[in-house]
Amino acid sequence: MVNVSDHELVPDHTLLDDPEHVEEVLEEYNVKRTDLPKITRTDPALPDEAEPGDVVRIERDSRTTDTAVVYRLVVE
C-alpha cells in the first residue's frame, strides 16, 4: 500500500497535540475551534493518530510567500 503523505505534492500535515498551542492559534485568528475549516478523518494525508476534534497544521509551498500555513479541524 502506498503512503500518500510521503508524496512530494502533498503538503505537511502536523497534528497539534499541545492544547496550549491550539488555544494560541485560536486566539491569534480570533476564532473558535468549530470555526476552523474542516478535514475529514478519512483524508489519506492525515496522520494516523488524528481523531475527530483535533486540529491539524498544514504547511504548503506558496508562490507569494515561502510557506502558507493553514489549520483544519478533524471531523468524522
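Among the conditions (1) surrounded by 10 or more Cβ atoms within 10 Å (Cβ to Cβ); (2) at pLDDT below 95; (3) not in a helix (DSSP H, G or I), the only one that Ser5 does not satisfy is (3).
For region 8-38, the set of residues classified as open to solvent by 80 Å² or more (accessible area, probe 1.4 Å), within 12 Å of Arg57 (Cβ to Cβ) and either hydrophobic (A, V, I, L, M, F, W, C) or in contact with a helix residue (DSSP H, G or I) (Cβ under 9 Å, 6 or more places away or on another chain) (or both) consists of Asp12 only.
Scanning region 4-54 for residues that are of a type in the set (Asp, Glu) and farther than 13 Å from Val74 by Cα turns up Asp6, Glu8, Asp12, Asp18, Glu20, Glu23, Glu24, Glu27, Glu28. In region 56-75, the count of residues that are part of a loop (DSSP other than H, G, I, E, B), at pLDDT below 95, in contact with a Pro (Cβ under 9 Å, 6 or more places away or on another chain) and hydrophobic (A, V, I, L, M, F, W, C) is zero.
Counting only residues that are without any contact (Cβ under 8 Å) to a residue 40 or more places away in the chain and farther than 17 Å from Asp17 by Cα, which one in region 39-53 is surrounded by the most Cβ atoms within 10 Å (Cβ to Cβ)? Only one residue fits best here, namely Asp43.
Within region 59-76, track down each residue that is surrounded by 10 or more Cβ atoms within 10 Å (Cβ to Cβ) and of a type outside the set (Asp, Glu).
First, the residues of region 59-76 that are surrounded by 10 or more Cβ atoms within 10 Å (Cβ to Cβ): 59-62, 67-75.
Once the filter is applied, which keeps residues that are surrounded by 10 or more Cβ atoms within 10 Å (Cβ to Cβ) and of a type outside the set (Asp, Glu), region 59-76 yields Arg60, Ser62, Thr67, Ala68, Val69, Val70, Tyr71, Arg72, Leu73, Val74, Val75.
Being in contact (Cβ under 8 Å) with a residue 24 or more places away in the chain, open to solvent by less than 60 Å² (accessible area, probe 1.4 Å) and of a type outside the set (Lys, Arg) is true of Val56.
The values are calculated or read from the model by the stated rules, or taken from the named source; none is laboratory data. Since we're looking at a predicted model, the values are computed, not measured. All Cβ positions, glycine included, derive from the backbone under ideal geometry; neighbour counts span all protein chains shown. Note: areas computed on protein heavy atoms with side chains; ligands, DNA, RNA excluded. Shrake-Rupley method; radii C 1.70, N 1.55, O 1.52, S 1.80 Å.
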